[in-house]
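To keep things clear, I will list the structure first and then write my remarks on it.
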Amino acid sequence: MKLQPTSFLVLLLMVSGITGFAQTSVIEGIVKNENDEPMEFVSVALQGTTIGTTTNSDGYFSLNIAARTTHQLSFSFLGYKPHTMEVSLEAGENRNMEIQLEPLATTLPDFEVREEQIITSQYIKIDPKLSTIIPGPGNGVESLLATMPGVSSTSELSSQYSVRGGNFDENLVYVNGIEIYRPFLVRSGEQEGLSFLNSNLVSSITFSAGGFDAQYGDKMASVLDITYKTPEEFSGSFSMSLLEGSLHIEDSRLDNRLTYLFGLRHKSNQYLLGTLDTQGDYKPEFTDFQGLISYQFNPEWELSFLGNYSRNHYLFTPEVQRTRFGTVTEVRQFTVFFDGQETNRFLTSMGALSLTYEPQDGQKFQLISSVFQTDETESFDIKGSYLLERVETDFGADEFGQPTGTPLGVGAFHNHARNYLNAIVWNIEHKGEIVSDRNTLRWGLKYQYEDIFDRLNEYSLVDSAGYAIPRPQENNLLELQNTVNTQIFLQSSRTTAYLQNSHEFRFNHGRYILTAGVRTNYWTFNNQWLFSPRGTLLYKPGWAPRMVFRASGGLYYQPPFYKELRDFDGNLNKDIQAQESLHLVLGTEYNLQLWGRPFKYTSEVYYKEFDNLIPYELDNVRIRYHAKNNASGYGTGIDMKINGEFVPGVESWASLSLMKTEEKIEGTHYIDEDGNEQPLGYLPRPTDQRFAFNLFFQDFLPRNPSYKVNLALIYGSGLPISPPTDTKFKEASYMPPYRRVDIGFSKELIGAGSSFGENNPLNHIKSMWITAEVFNLLEINNTISYLWIKDVSNNYYAIPNYLTSRLINIKLIAEF
């Protein structure tokens, strides 16, 4: 049952009344340097809060703060000593001050230090704190990524994303230098559960949408590099909502030699799935536990362990589905009555041991060994009887808005599966790094062993108006559709290595950083050696100190892992080869000032040429490969992003992407008007999203910053679709665009200025926020896939599978 907006507003007002309506005051002033000159871009912040701003070109700043509360006001600027002062104002007071910052005794000029930071930033850096406040059903690191340029996400139920025309399997994800894997058998976002990444444990997020360095692995699309926190003192956080709950603790012991970081999450999106067209008994239960423990023997040696256990259990008993679709004048209703149930279980675990040796500054050597295991069971027997009807659209008719009673299609279906998969991936790796004044040398060597067992047993049957499709054979035996019954054992190993060097130099009043490297990969399954050169050049011109130009490229190979080997009938192609992608990326970065506040504009133009592609079909989040290297293609586009303080003191951004990706599959053809076969040529790839616009926006009440609002907007043009037949069409059809707006309204209950009695347990709470989130604010019916219904005349009907509708969620977040 949905929570009504009016009921929620009453609840929010009651909670806000607990804290009282905070009266505010204004503190303003001018910040100057040692020469009594105004300083621009000085950071002014209230310690322990998210409230802050920067000075404008006149050195001026202004902040609204809570009255009758003692605050720690800090001023900081690169190359100058931080300045902190204590302030306390009466209600309505307006205090003016002048601050003078002192330069550090030994430092380069501030403009030199600032440009060092800019030019070395080759990848997108994302503030991990924002991953806990972005509104949406799956708020987290992946939700932030969905607002980045070049990134496409077409389902709020899934954490999967595609980048610049690649699919979900073409993205690399690392946590503390360890590659992360995901389950194999997931068919839909409803089954997916929690992703590996725990936002509460993250300290830094680095992302590249293409043209990444040789130190990162063998995938064709993107790399996401996550680093978990290094605790310094005891602290933690907890959160609760109508969808999930989480708890994390961290601490440092034995003079900071022993640190630990633990996170526990539990999610049940039963409340959210109740908004889908298919009604029934949803029982999803997703639990995840992670831990990072480190021990420093001495300043040179450190041992750490990263562990994870995840249990995703999805039980669904469908009852009825009613879906309406079509145009204003032609509306259809699809009704299905179900019998049966679906049970899926995904158990995954991972453990990684890392030994680090740092004999001196600038030298780092690591030995890492990790093991990943997944145990997946997929079981369903679902029968359905369906009816397709026309809906009356005549405003003058008595039956307006009701089915006319004349069936357009009647039939039944039966879907069956008993699938089981177990996979173990073990590896051992050495990494090294030597950093000198203007040079960084990195290398690595890795051995990996893979053991996969897959048992497949599934089929489907469609019966329309009493005729089974396919029809009975001459021997009266019924031939089922999509029948797979096989067992697969696959054992193989891989050896990879890389060597990479970065060198900074100056030439003709400009600064350059050249990074060049090479990767090599060998897989025992197909005995294929791969050689992947990659390079990046960063250039900061002297004539444009606020700009950075970069060019990157290379040859990227993606060897098959497992799913790419298996065709629709469950057979392995032993002659499969790695897919190839040639990248060329040209980018620019411009730091500017708008409305007296700092902003950054970035853009990248890219071209990717593909060869040895393995064609695939995309259904919801399930990727089914044809297991043949019989395609070639290309992808090209431009990504743009502007981020900065649209509202003083908080960061927001907007991104725009234009992209086109196509492939040419050998042996495909179409029938022209004269009935002749013609080569099909290039067709849009399944992830061909031509246009995307994303927005993440933050704001707060100027005179009461304890009230905040966060908004996430995603617009992506539709993906190509086609009926499940061998017949290809020259002109592609596309889904409707994916359009979604999520918004969150937050109130700070406990902050830096809160005070309680000495024995009150709330004294240990650093901050506490309550948030009301409205999912799918505009209540748009987004389509994730289609159910194709065929009658005895072989006519297809495309029934849209809609995603979730509008819903209100309440969330409480606290840090201690």
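One table, with the values for the structure above:
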{"quantity": "Positive-end extreme of charge dipole, the chain - chosen from Ser581, Tyr420, Ala692 (charges on Cβ)", "calculated": "Ser581"}
{"quantity": "Within the accessible area of the stretch 185-248 (1.4 Å probe), percent carbon and sulfur", "calculated": "50"}
{"quantity": "Mean residue ellipticity (222 nm) of the chain, computed from DSSP H runs ≥ 4 via -39,500 (n - 2.57), nearest 500", "calculated": "-1000 deg cm²/dmol"}
{"quantity": "1.4 Å probe accessible area per residue over the stretch 127-240, in Å²", "calculated": "24"}
{"quantity": "For the stretch 632-753, average projected area of the Cα convex hull in nm²", "calculated": "11.2"}
{"quantity": "GluC sites (Glu not before Pro) within the stretch 724-789: DSSP coil, no more than 10 neighbouring Cβ in 10 Å", "calculated": "Glu731, Glu758"}
{"quantity": "Hydrodynamic radius by Kirkwood, which averages 1/r over all alpha carbon pairs of the stretch 518-608, in angstrom", "calculated": "16.6"}
{"quantity": "The stretch 129-238: GluC sites (Glu not before Pro) in DSSP loop, at most 15 other beta carbons within 10 Å", "calculated": "Glu232, Glu233"}
{"quantity": "For the chain, diffusion coefficient by Stokes-Einstein and Kirkwood Rh (Cα), 4 °C, 1.567 mPa s, µm²/s", "calculated": "44"}
{"quantity": "Point-charge dipole on Cβ atoms (K/R +1, D/E -1) for the chain, about Cα centre, debye to 20", "calculated": "480"}
{"quantity": "The stretch 369-446 shape via C-alpha gyration tensor axes, a/c threshold 1.5", "calculated": "oblate"}
{"quantity": "The stretch 592-719, accessible area per residue, ligands and nucleic acids excluded (1.4 Å, Å²)", "calculated": "43"}
{"quantity": "The stretch 677-816, dipole about Cα centre (Lys/Arg Cβ +1, Asp/Glu Cβ -1), debye to the nearest 20", "calculated": "180"}
{"quantity": "Compactness index (Cα Rg / 2.2 N^0.38 Å), the stretch 149-253", "calculated": "1.22"}
{"quantity": "Accessible area of the stretch 612-690 belonging to carbon and sulfur atoms, whole % at 1.4 Å probe", "calculated": "47"}
{"quantity": "Tensor-based shape of the stretch 186-303 (alpha-carbon gyration tensor, a/c under 1.5 rounded, otherwise prolate or oblate)", "calculated": "oblate"}
{"quantity": "Unit charges at the beta carbon, dipole of the chain: most positive-side option, Pro38, Trp769, Asn167", "calculated": "Pro38"}
{"quantity": "Per DSSP, loop chymotrypsin sites (Phe, Trp or Tyr not before Pro) in the stretch 240-310 with at most 11 further Cβ within 10 Å", "calculated": "Phe297"}
{"quantity": "C-alpha center-to-center spacing [the stretch 559-588, the stretch 228-257] in angstrom", "calculated": "39"}
{"quantity": "Cα centroid separation, the stretch 647-693 to the stretch 391-418 (Å)", "calculated": "33"}
{"quantity": "Accessible surface, per residue, of the stretch 281-424 when the full set of protein chains is kept, probe 1.4 Å, Å²", "calculated": "48"}
{"quantity": "Charged-residue dipole, Cβ positions (Lys, Arg, Asp, Glu), the stretch 321-381 about Cα centre, Debye nearest 20", "calculated": "300"}
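The values are calculated or read from the model by the stated rules, or taken from the named source; none is laboratory data. Note that the structure is a prediction, hence the values are computed from the model and not measured. Glycine also receives a Cβ, built like all others from the backbone with ideal geometry; neighbour counts cover every protein chain displayed. The accessibility values were calculated without ligands, DNA or RNA, using every heavy atom of the protein model including side chains. Shrake-Rupley method; radii C 1.70, N 1.55, O 1.52, S 1.80 Å.
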